[in-house]
Amino acid sequence: MNLPLWIFLLIYLIALAVYLFFAFFNIYHMTRFGFFDFLGKFNTILFISVVVTILTITIILVFNTPWLDSVPITGGLLGSNGPE
Amino acid sequence: MKRSPHKIKTMFPSQREGERVIMMLRRHWVIIWRYVSMLILFNIIPVAVFGFLFLYLGWTIVPGTPLYLMFVFGTSLYYLVIWLHYFHEFVDYHLDIWIVTDQRIINIEQIGLFNRVISELNILKVQDVTSELKGKVQTMLNYGSVYIQTAGTTQRFQFEQVKDPEEVARIIIRAHDNAIAKTTPEEIQRVQQEKDMLNKTPIGDNTLKEYAQDAKGKKF
């Protein structure tokens with residue numbers, strides 16, 4: 001039985017959608033009720049910048065993955081050569 | 001007179017015309033610093049663990065394999081979650097505000113993500129103000145709670161984990177005295193009647209009228 005690699009991407013994107021939902025409401029609360037002072041602005045911009053950076057690095061790291069390839073579930077799934 | 005450590009930087013949205021903000025309080029900075037230090041620690045842990053595994057033990061992961069994808073996506077989600085957790089705690093900290101004006105005390109509390117409670121109290125209805133420093137940390141860093149007793153036996157406004165609670169209590173009492181001194185006797189009588197209705201037991205010998213007369217003779 002084979003496992004397509006896009007399954008991992010799909011799981012990640014679902015988790016990311018849930019994540020963005022909560023992140024949006026936090027940012028919304030800050031902008032709507034936060035009396036948008038320096039500390040509020042600083043933390044909001046910092047949070048958005050960090051999230052964008054993490055997502056950019058993630059995209060760069062998995063960009064060349066052949067998503068349509070499949071790997072057998074038994075054997076070769078992990079793809080690690082362990083300690084050398 | 002000692003100057004309050006609580007500086008007023010911005011006004012609040014529902015401010016009335018002519019209403020003067022005396023102080024605007026948030027929890028003590030040590031509360032958010034707990035989360036900042038946790039964030040720093042949780043950012044360092046994977047770097048240390050993966051650094052040990054890949055640089056010291058010489059482990060490698062072949063790109064494009066399921067393990068590689070699990071590693072990248074797992075690490076990505078881990079960092080996203082710890083930053084969201086920090087930001088959520090910051091929002092909770094930042095949106096919990098207590099405002100004391102010359103007319104009222106406002107308590108704005110963010111409970112979780114979808115629950116926001118705003119309550120206010122007429123400054124004339126303040127009966128008793130108690131400050132509390134609990135434990136070694138609060139005593140050392142001088143932060144704690146301020147309880148404001150209003151009409152009724154169980155109703156209490158609570159300022160939690162605020163800086164210099166004794167000074168805050170003093171400022172509230174002074175604001176209350178000033179408000180009484182500026183209020184007409186009819187208004188005082190009305191508030192007194194409201195208080196008497198809410199309280200099952202009378203306030204005592206010092207009625208607000210007498211208190212107002214005392215307060216008018218004092219300089220604030």
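Structure notes:
- Each stretch of four or more DSSP H residues adds -39500 (n - 2.57); spread over every residue of chain A, this sum gives -22500 deg cm²/dmol at 222 nm.
- Neighbour-count order for B:Ser131, B:Ser14, fewest beta carbons within 10 angstrom listed first: B:Ser14, B:Ser131
- The C-alpha atoms of chain A define a longest principal axis, and helix A:38-62 lies at about 10 degrees to it.
- In terms of surrounding Cβ atoms within a 10 Å radius of their Cβ, B:His85, B:His94 rank from fewest to most as B:His85, B:His94.
- Descending semi-axes in whole angstrom, ellipsoid equivalent of the range B:1-134, from the Cα gyration tensor: 48, 17, 11
- Relative intensity, log₁₀ I(q)/I(0), of the range B:95-197 from a Debye sum that treats every alpha carbon as a point, q = 0.19, 0.23, 0.24 Å⁻¹: -0.98, -1.24, -1.29
- Across the range B:32-93, the fraction of Cα-Cα pairs farther apart than 14 Å, rounded to a whole number, is 65%.
- Along each principal axis, taking the top coordinate minus the bottom one, the Cα set of the range A:2-63 gives 53, 20, 9 Å in descending order.
- Cα-Cα separations in the range B:58-128 greater than 18 Å, expressed as whole percent: 63 percent
- Angle in degrees between helix A:6-33 and the longest Cα principal axis of chain A, rounded to the nearest 10: 0 degrees
Computed from the coordinates by the stated procedures, all read-outs in this text should not be read as laboratory data. In this text, all values refer to a predicted model and were calculated from it rather than measured experimentally. Cβ: placed from backbone, ideal geometry, glycine included. Neighbour counts: every protein chain shown.
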